[in-house]
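One structure is given here, and the rest of the page talks about it.
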Amino acid sequence: MADVLVVAEAADGKLKKTTHSAVTFARQAAAALGGTYSILVIGDALGDAAAEAATLGAAKVLVAQASSLKDYVAERYVPTVAAAAKGAAVVVGTASAYGKDLLPRVAARLSAGFASDISELLPEGGKLKYKRPMYAGNAYGICTVSTPVQVVSVRQSAFAAAEPTGSTSPIEQVAVVPPSAAAERVEFVSFDQVKSERPELTEAKVVVSGGRALKERFNEVLDPLADVLGAAVGASRAACDAGYAASDLQVGQTGKVVAPSLYIAVGISGAIQHLAGMKGSKVIVAINKDADAPIFQVADYGLVADLFATVPELVKQIQAA
Ligand code: FAD
């Protein structure tokens with residue numbers, strides 16, 4: 001029997017949706033290994049996060065709460081996560097910015113092999129194999145980890161969010177392990193969060209994304225469409241590099257990976273590096289004046305048109321509907 005530990009991500013007193021994808025992985029892995037899964041909720045002001053985690057079918061929810069964990073600094077979190085992982089065969093989180101920062105360090109602390117950004121679990125005879133995208137999603141590699149403890153980060157868009165099970169897991173407080181003297185030298189300076197009324201890009205059901213073609217009119221053209229659809233705004237790297245869109249909106253291989261129900265690509269050519277971040281979207285709509293643009297190869301609905309005329313018209317039609 002082998003157990004799985006989910007490292008939850010909490011913010012503003014709530015679990016982030018990223019946690020639910022890691023729980024889906026944990027359910028599959030625990031079933032394959034004949035074990036159970038627990039969820040670790042770590043931080044300072046955790047609010048309802050632990051109670052929410054307790055609805056997700058875990059054998060138990062571990063809570064590590066201390067004022068020293070107020071501002072996220074990997075070096076302060078790692079010793080506690082590693083201690084909570086005692087007895088677990090697999091430690092999992094989501095490959096969000098948080099998971100990408102924290103989990104490799106947890107793996108190093110546990111002398112564990114690390115399978116990053118996996119898109120599918122392939123159980124085989126009580127062992128776990130992991131499928132992960134390579135070369136901007138143009139190839140998939142299958143890997144196994146041979147260390148006694150394995151650390152895994154999962155691609156949020158590839159694992160559906162776990163639903164509550166109807167039961168309530170027991171909640172246990174665990175000790176917070178102080179960091180080493182060397183780690184104490186890392187100081188939290190500030191966290192400059194971009195405040196937006198819009199849904200978070202990686203969690204939104206609808207994403208309206210713009211490319212270089214929008215030029216300085218990026219916000220003027222896209223914002224009204226995002227507003228009428230209650231959508232998050234994304235961008236291509238070319239639009240970000242040119243300064244038309246903020247860099248945290250970048251979707252793609254070197255940006256965010258999104259898989260909303262609806263992705264509207266406006267004036268985006270569809271380079272493979274962009275597709276790597278959005279081709280898992282359920283329905284893709286492309287607006288581009290070039291009928292041969294590669295984005296149309298992945299689009300469910302395509303409109304060959306000038307975006308500057310089409311997008312305002314689309315907004316008008318949606319408002320009138
Ligand atoms: P373009 O390729 O210039 O396309 C603009 C499109 O707008 C064209 O198809 C054009 O027909 C259309 N258009 C122009 N005017 C209009 C109009 N009036 N109406 C309608 N359509 C119009 N890119 C990403 O997006 N994300 C990444 O994470 C990323 N990572 C990268 C990593 C590496 C290592 C490298 C090398 C590249 C990466 N890129 C990434 C860049 C990528 O290769 C492309 O250069 C980029 O995606 C192009 O952005 P674009 O589609 O906005 O611009």
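The values are calculated or read from the model by the stated rules, or taken from the named source; none is laboratory data. Being a predicted model, the structure only gives us computed values, none of them experimental. Neighbour counts are summed over all protein chains in view; Cβ atoms, including those assigned to glycine, are modelled from backbone coordinates with ideal geometry. SASA here: full protein model, heavy atoms, side chains in, ligands and nucleic acids out. Shrake-Rupley method; radii C 1.70, N 1.55, O 1.52, S 1.80 Å.
Residue 182 passes every criterion in (1) touching a Gly at 6+ places or on another chain (Cβ under 9 Å); (2) small (Gly, Ala, Ser); (3) surrounded by fewer than 18 Cβ atoms within 10 Å (Cβ to Cβ) apart from (1). Consider the range 226-239 and keep the residues that are of a type in the set (A, V, I, L, M, F, W, C) and crowded, with 22+ Cβ neighbours inside 10 Å. The one that is nearest to the ligand (Cβ to nearest atom) is 239.
When the residues of the range 259-269 are filtered to those that are within 12 Å of the ligand (Cβ to nearest atom) and buried (at least 24 other Cβ atoms within 10 Å of the Cβ), the one that is nearest to residue 119 (Cα to Cα) is 265.
Of the listed requirements (1) in contact with a Phe, Trp or Tyr (Cβ under 9 Å, 6 or more places away or on another chain); (2) buried (at least 18 other Cβ atoms within 10 Å of the Cβ), residue 191 misses just one: (2). Between residues in the range 256-273 that are free of Cβ contacts under 8 Å to residues at least 40 places away in the same chain and residues that are open to solvent by 10 Å² or more (accessible area, probe 1.4 Å), which pairs lie under 6 Å by C-beta distance while being six or more apart or on different chains? Listed by first residue and then by second, the contacts come to 270/294. The residues of the range 270-317 that are more than 11 Å from the ligand (Cβ to nearest atom) and either within 17 Å of residue 215 (Cα to Cα) or in a helix (DSSP H, G or I) (or both), listed by number, are 297, 298, 312, 313, 314, 315, 316, 317. Only one of the numbered conditions (1) closer than 30 Å to residue 193 by Cβ; (2) in contact (Cβ under 8 Å) with a residue 60 or more places away in the chain is not met by residue 219, and that is (2).
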